Amino acid sequence: MALIRAKNLKFSYNGVPAVAGVDFELLEKDFLAVIGPNGSGKSTLLRLISGVLEPSEGLVELLGRDVRSYPKTELARLVAYVPSEFYLPYDFSVFEIIMMGRSPYVAWWRNYSAADAARVGEVLSEVGIDKLRDRGINSLSSGERQLAFIAQALAQDPKVLLLDEPTSHLDINYKLQVFDLLSRLAGAGGLGVAVVSHDLALMAAYAGKSLVLKKGGGLFYGPAKEGLSGANIAAAYGISDPASVTRLLKIL
Ligand code: ADP
């Protein structure tokens, strides 16, 4: 069964369409690249998939059920969302930040358990940031901070992992680390991973499937090799010369 199935998805902000007529599926082990120009509705789409927004038309199903019908805690055990920006009012340690990912498993009347702490330890190793465990989150580099927030999402033990521009401020070394990690989580980990990113060469190198959006609707859903072609990217972004995109992707 599909983890996520979006059917004829539409959403408008105050009557202005942001997502229109989008259909796609996310299966176990899928690494889905979501691409499109600024304002084509990518972030809105992630919020629809994670049940934060309600579609004006169409439906998002999570494991065959309307995503909006899930109680919040149950939803947080299935879908984790890493936003593009974080607001941190307090300098929590990396350990504390990741532990917050365990909250869907902790009843309000009790504290985190030893099992939760052990899971955080495992996640630190899985992501390769054991050494950062006791560092303040605000003292980290952008790349280290991004890995810490992906680790927090993993501590939720989700089936679906959604990320909004996880590598936009990172150097090439961290970009590769993040994409290697996501590809491992989808492959060996069996998660369904959907990534919004403008790093088209990385998406072409790692993603198996693609959802290409243009302003006003969906343009393509299918294999990443086809979705991330010069012609598709040029059509989505309104670039007049598709050959220039193909050339650039080859260089990268
Ligand atoms: P993308 O992530 O592809 O840049 P967004 O999903 O952020 O696109 O935005 C899609 C459209 O919806 C844009 O035209 C944007 O201005 C509009 N939009 C996004 N968020 C809001 C909001 N909270 N209120 C009103 N309009 C919004």
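The condition (being in a loop (DSSP other than H, G, I, E, B) and more than 13 Å from the ligand (Cβ to nearest atom)) is satisfied by just one residue among 61, 28, 74: 28.
If you take the residues of the stretch 80-105 that are open to solvent by less than 30 Å² (accessible area, probe 1.4 Å) and among the aliphatic types (A, V, I, L, M), which of them is farthest from residue 137 (Cα to Cα)? Applying the filter and picking the extreme gives 80. A count restricted to the stretch 26-83 and to residues that are among the small types (Gly, Ala, Ser) and on the phi > 0 side of the Ramachandran plot stands at 6. Residue 77 - would you say it is open to solvent by less than 60 Å² (accessible area, probe 1.4 Å) and under 19 Å from residue 191 (Cβ atoms)? Judged against the criteria, residue 77 is not a match. All conditions in (1) more than 16 Å from the ligand (Cβ to nearest atom); (2) in contact with a Leu (Cβ under 6 Å, 6 or more places away or on another chain); (3) part of a helix (DSSP H, G or I) hold for residue 80, with the sole exception of (3). For the stretch 220-233, a residue qualifies if it is open to solvent by less than 60 Å² (accessible area, probe 1.4 Å), more than 19 Å from residue 164 (Cβ to Cβ) and not in a helix (DSSP H, G or I), and the qualifying residues are 220, 222, 229. Checking residue 85 against (1) in contact with a Leu (Cβ under 7 Å, 6 or more places away or on another chain); (2) part of a loop (DSSP other than H, G, I, E, B), only one condition comes out false. Which one? With respect to (1) in contact with a Leu (Cβ under 7 Å, 6 or more places away or on another chain); (2) part of a loop (DSSP other than H, G, I, E, B), residue 85 is out only on (1).
With open to solvent by 70 Å² or more (accessible area, probe 1.4 Å) and of a type in the set (Val, Ile, Thr) as the only criterion, which of 60, 52 stands out?
Values: 60 fails: open to solvent by 70 Å² or more (accessible area, probe 1.4 Å).
Being open to solvent by 70 Å² or more (accessible area, probe 1.4 Å) and of a type in the set (Val, Ile, Thr) holds for just one of 60, 52, which is 52.
The one condition from (1) more than 16 Å from the ligand (Cβ to nearest atom); (2) among the aliphatic types (A, V, I, L, M); (3) more than 17 Å from the chain's Cα centre (by Cα) that residue 20 does not meet is (1).
Considering the stretch 31-58, the residues that are aliphatic (A, V, I, L, M) and not in a helix (DSSP H, G or I) include one that is farthest from the ligand (Cβ to nearest atom), namely 32. If you go through the stretch 158-206 and keep only what is touching a residue at least 12 places away in the same chain (Cβ under 8 Å), farther than 24 Å from residue 226 by Cβ and outside any helix (DSSP H, G or I), you end up with 158, 159, 168, 169, 170, 171, 190.
The values are calculated or read from the model by the stated rules, or taken from the named source; none is laboratory data. In this text, all values refer to a predicted model and were calculated from it rather than measured experimentally. For neighbour counting, all protein chains shown are included, and Cβ atoms are generated from backbone atoms with ideal geometry for every residue, glycine included. These accessible areas exclude ligands, DNA and RNA; they are computed on the full protein's heavy atoms, side chains included. Shrake-Rupley method; radii C 1.70, N 1.55, O 1.52, S 1.80 Å.
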